[in-house]
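Colleague: Shown below is the structure under consideration.
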Amino acid sequence: MLWNVDLTLVDVAIVTRDAYAEAFRLVTGRPLVKLVPPLGRPDSEIVFETLAVNGIVAEDDHLPRFLSALATAFADRRGRLAKEGRMMAGAKDALKAVSRLDGVVQTVLTGTIRANAVHKLKAFGLDRYVDFSLGGYGEEVYPKATLLQVAQSRAKQRLGTPFTAANTVVIGDSTRDVQAARIGGAGMIGVASGRSMASELREAGADIVLPDLSSASEVVAAVTALTSRMDRAVH
């Protein structure tokens, strides 16, 4: 089970923007004028586009320096996450309920770099349900669909079980999450808690769409229905 982080489980946009502004200043020596919207993209992509729209020609060392500065700036602001951010409705109960399903391991598939993803979930007590060693993260310069396959490979190496569309489920709020699941090979539960409407998630190809995570029983039912359908498809 792979969870998207931002606008699926938590919303910490204010702190994230401040951390980006600080990282931009440290790396370029200039103030950040415009930060490109995330829109489900990985931090590595956001960094390059943000440099471009602010008139900075990217050089080979820009990305590693920026991501390192972003991790430091975000860690320095982690005490603000719970105060200025929010946990999405039902997130903790949904994670807890899914963790009780037999054979389920939960991790994340996120555009956020790993260090910051840990801080985001830890601030709201959600980290206890997630195995971060199996996830896919924004510092890895791959499209999100490829990140999904990277995470599947990590899970196979760690758990000894092949992970394919037959036993992998993604939960996310953006059409990019849906596209990643479709291309990478996973079942997809769309949650209309972010910037993508329920109709857009369905049109993009989500198998099941929920308004949010406020009903843990609906989340569990969706996971169960989707994995059961997959089981039937491979037998």
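Colleague: Could you grab the pairs with beta carbons closer than 9 Å, sequence gap of 6+ or different chains, first residue in the range 19-30 and over 15 Å from Ile113 (Cβ atoms), second one basic (Lys, Arg) and assigned to a helix (DSSP H, G or I)?
Modeller: Every condition considered, the pairs that remain are Leu26/Arg65.
Colleague: Now, a different point. Residues to consider are Ser153, Ser228; find the one that is farther than 26 Å from Val12 by Cβ, in a helix (DSSP H, G or I) and touching a Phe, Trp or Tyr at 6+ places or on another chain (Cβ under 9 Å).
Modeller: Just a single option satisfies the conditions, and that option is Ser153.
Colleague: Moving to a separate point now. Determine which member of the set Ala181, Ala206 is in a loop (DSSP other than H, G, I, E, B), open to solvent by less than 40 Å² (accessible area, probe 1.4 Å) and at pLDDT 95 or above.
Modeller: Just a single option satisfies the conditions, and that option is Ala206.
Colleague: When the residues of the range 194-203 are narrowed to those that are out of contact with any helix residue (DSSP H, G or I) (no Cβ under 6 Å at 6 or more places or on another chain) and not in a helix (DSSP H, G or I), which ends up nearest to Val98 (Cα to Cα)?
Modeller: Checking each candidate, the answer is Gly194.
Colleague: Would you point out which residue out of Val57, Val5 is open to solvent by less than 20 Å² (accessible area, probe 1.4 Å) and either modelled with pLDDT under 95 or under 24 Å from Ser196 (Cα atoms) (or both)?
Modeller: Testing whether each residue is open to solvent by less than 20 Å² (accessible area, probe 1.4 Å) and either modelled with pLDDT under 95 or under 24 Å from Ser196 (Cα atoms) (or both) leaves just Val5.
Colleague: Another one. What number goes with the only condition from (1) open to solvent by 60 Å² or more (accessible area, probe 1.4 Å); (2) modelled with pLDDT of 95 or more; (3) within 26 Å of Lys92 (Cβ to Cβ); (4) not β-branched (Val, Ile, Thr) that Arg158 does not pass?
Modeller: All conditions pass for Arg158, except number (2).
Here is a yes/no grid of residues against (1) aromatic (Phe, Trp, Tyr); (2) outside any loop (DSSP other than H, G, I, E, B); (3) closer than 30 Å to Asn167 by Cβ:
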| residue | (1), (2), (3) |
| --- | --- |
| Ala23 | no, yes, no |
| Pro31 | no, no, no |
| Val36 | no, no, no |
| Ser44 | no, yes, yes |
| Val47 | no, yes, no |
| Ile56 | no, no, no |
| Asp60 | no, no, no |
| Pro64 | no, yes, no |
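Colleague: Scan the range 8-21 residue by residue and report those that are open to solvent by 10 Å² or more (accessible area, probe 1.4 Å) and not in a helix (DSSP H, G or I).
Modeller: Of everything in the range 8-21, just one residue is open to solvent by 10 Å² or more (accessible area, probe 1.4 Å) and not in a helix (DSSP H, G or I), namely Asp11.
The values are calculated or read from the model by the stated rules, or taken from the named source; none is laboratory data. Nothing here was measured: the structure is a model prediction, and the numbers come from that model. Counting neighbours? That spans all protein chains shown, and the Cβs are built from the backbone with ideal geometry, glycine included. For the accessible areas, the whole protein counts, side chains as well, though only heavy atoms, and no ligand, DNA or RNA atoms are used. Shrake-Rupley method; radii C 1.70, N 1.55, O 1.52, S 1.80 Å.
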